[in-house]
1. So which of Glu227, Glu295 ends up being over 29 Å from Arg399 (Cα atoms) and either over 23 Å from the mean Cα position of the chain (by Cα) or part of a loop (DSSP other than H, G, I, E, B) (or both)?
2. How do the pairs read when you match residues in segment 185-201 that are more than 12 Å from Ala229 (Cβ to Cβ) with residues anywhere that are surrounded by fewer than 13 Cβ atoms within 10 Å (Cβ to Cβ), using Cβ under 6 Å and keeping only pairs 6 or more apart or on different chains?
3. Residue by residue through segment 434-455, note down the ones that are farther than 17 Å from Ile96 by Cβ and either touching a helix residue (DSSP H, G or I) at 6+ places or on another chain (Cβ under 7 Å) or at pLDDT below 95 (or both).
4. Looking at (1) touching a residue at least 40 places away in the same chain (Cβ under 8 Å); (2) assigned by TED's automatic domain parsing to the domain that holds Tyr114, can you tell me which one Arg409 breaks?
5. Assuming Val102 fulfils every condition listed in (1) touching a residue at least 12 places away in the same chain (Cβ under 8 Å); (2) outside the structural domain of Lys139 (by TED's automatic domain parsing); (3) assigned to a loop (DSSP other than H, G, I, E, B) apart from one, which condition is it?
6. If you check every pair at least six apart or on different chains, which have Cβ atoms under 7 Å apart with a residue in segment 1-29 that is part of a loop (DSSP other than H, G, I, E, B) first and a residue that is of a type in the set (Gly, Ala, Ser) second?
7. For the structure I just gave you, tell me whether Leu132 is surrounded by 15 or more Cβ atoms within 10 Å (Cβ to Cβ) and at pLDDT 95 or above.
8. Could you check segment 30-46 and list, in sequence order, the residues that are in a loop (DSSP other than H, G, I, E, B) and either free of Cβ contacts under 8 Å to residues at least 12 places away in the same chain or among the acidic types (Asp, Glu) (or both)?
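The values are calculated or read from the model by the stated rules, or taken from the named source; none is laboratory data. Computed from a predicted structure; not experimentally measured. So basically every Cβ, Gly included, is an ideal-geometry build from the backbone, and we count neighbours across all protein chains shown.
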Amino acid sequence: MSDNRIEHIVIVGGGTAGWMTAAAMAKVLKNQYCNIHVIESEDIGTVGVGEATIPQIQLYNRLLGLDEDDFVRRTQGTFKLGIQFVNWSHIGSSYIHAFGDVGKDMDAIQFYHYWLKLYQAGEVPDIGEYTLTAIAARKGKFMRSIDAGNSPLSNIAYAFHFDAGLYARYLREYSEQLGVVRTEGKITHANLNHDNGFIESVALENGAVIKGDLFIDCSGFRGLLIEQALKTGYEDWTDWLPCDRAWAVPCESAGDPTPYTRSTAHAAGWQWRIPLQHRIGNGHVYSSRYMSDDEAVNILLNNLDGAPLAEPRLLTFTTGKRHKFWNKNCVAIGLASGFMEPLESTSIHLVQSSIARLMSLFPNKHFDQEDIDEFNRQAHFEYDRIRDFLILHYHATTRDDSPFWNYCRTMSIPEELQQKINQFKKNGRIYRNSVEMFNDLSWLEVMHGQGIQPRAYHPIVDVMPKDELMKRMAGIKSVIDRSVEVMPSHAEFIAEHCKAEKLMM
């Protein structure tokens, strides 16, 4: 029997996507099953906007066996309990899409249904007052989970902010220790098999030719293999997500780092704020149809916490996805596969989920089409559901202060998203579609935060007598408040566990 095992994996492009892929493959394949080769050029910059993450990244870190304190220290990282959204529902509004549990479920249905009944009657505070991570974020507190029995301190959901360049460097070091080979150089073109159209090799400017069986395209927006070589095609989502540019700039820190990301809506887009140990990452995402580059960069520079540490950098993009994420013997990961603005910090997660999906459906040299089709089906589902969640932020608003917001508020939206909004408006019901990334609690926090208010509530909550319900609600809030009080400050936790050394530039 012939050996159909994949022998050579070629990853085109480094950066976050390339080195995340290399590190995971090296860990799982142990560089004994096949060899792994990364080709990247230091002359080609990376986008580097993916400095904020969601809790699923802990699964990736555990796969690699990373020491969390070392990882945070080496990447100048901080901890993240959620995202604060400012001026999205209306100017002056603010809410936190927090990670983890909301309240504590009671009897047959989830906590938020009971909360909604009392909230509609004006008898309980906002949902964020029943969310440990939301309260801790506002108070600047953080700790990891501890063994505290039934306490919310036993299950604290969190993610990270980190320097994307340092993260790629960290994972490169990890990968090379496991035998991954790196080649410095720019690729001029890919060589295709004339019979089946598969990629056989890539050619470098210096004349070198590197052959492979499986090619991973991590070349960013260019899509060097998936698009330029294989002509896969791209689905444009600009009609739903009209922002197409971003200015990015780091600035000096101002005070202790907050344990949350901030997204502040402006006249034609929004501004991100990501606090690290050594600086703050900032960017202004906007629509060039409604705002000039000069106006956009001025808004960014006028809304920084400290002095800029570099010249602002302009990024241009088209929100959307490839028609195929896996085409022939090429898999696109990261920006090469598509782009959605980092509004909910999904960029790095999409890299992570693509890697996991590829390892689950890892091919042999036959490249069975059924596996490729399944990979693409799952990837399309994930992208589409995340897209809908992002559209929700723009569409569910009362802002009418600019042409941009008038467009977003009145635009047509995907049918599945409209159905989800309509169902919530009726009785506050939210259902997760299969394995979509954002669960019902995330949808609740954003729909409520954006100002969507149900007309009624789940009828089963009336089974519980009101006096008992009020007593339980008060008890839940008391437990959460006491739990937050015992948490150290975010800055204190970092100082004790993972304070980074002064960064040498």
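1. On the way: Glu295 fails: over 29 Å from Arg399 (Cα atoms).
When all the criteria are applied, what remains is Glu227.
2. Once the first residue is more than 12 Å from Ala229 (Cβ to Cβ) and sits in segment 185-201, its partners that are surrounded by fewer than 13 Cβ atoms within 10 Å (Cβ to Cβ) give Gly185/Asn206; Lys186/Glu205.
3. Ser434, Val435, Glu436, Met437, Pro454, Arg455
4. Arg409 satisfies all of (1) touching a residue at least 40 places away in the same chain (Cβ under 8 Å); (2) assigned by TED's automatic domain parsing to the domain that holds Tyr114 except (1).
5. If we test Val102 against (1) touching a residue at least 12 places away in the same chain (Cβ under 8 Å); (2) outside the structural domain of Lys139 (by TED's automatic domain parsing); (3) assigned to a loop (DSSP other than H, G, I, E, B), just (2) comes out false.
6. Pairs that qualify, where the first residue is part of a loop (DSSP other than H, G, I, E, B) and the partner is of a type in the set (Gly, Ala, Ser), are Gly13/Ser219; Gly13/Gly220; Gly14/Ala168.
7. In short, yes.
8. Taking segment 30-46 as the starting set, the residues that turn out to be in a loop (DSSP other than H, G, I, E, B) are 30-34, 41-46.
If the condition is that a residue be in a loop (DSSP other than H, G, I, E, B) and either free of Cβ contacts under 8 Å to residues at least 12 places away in the same chain or among the acidic types (Asp, Glu) (or both), then Gln32, Glu42, Asp43, Gly45 are the ones that fit.
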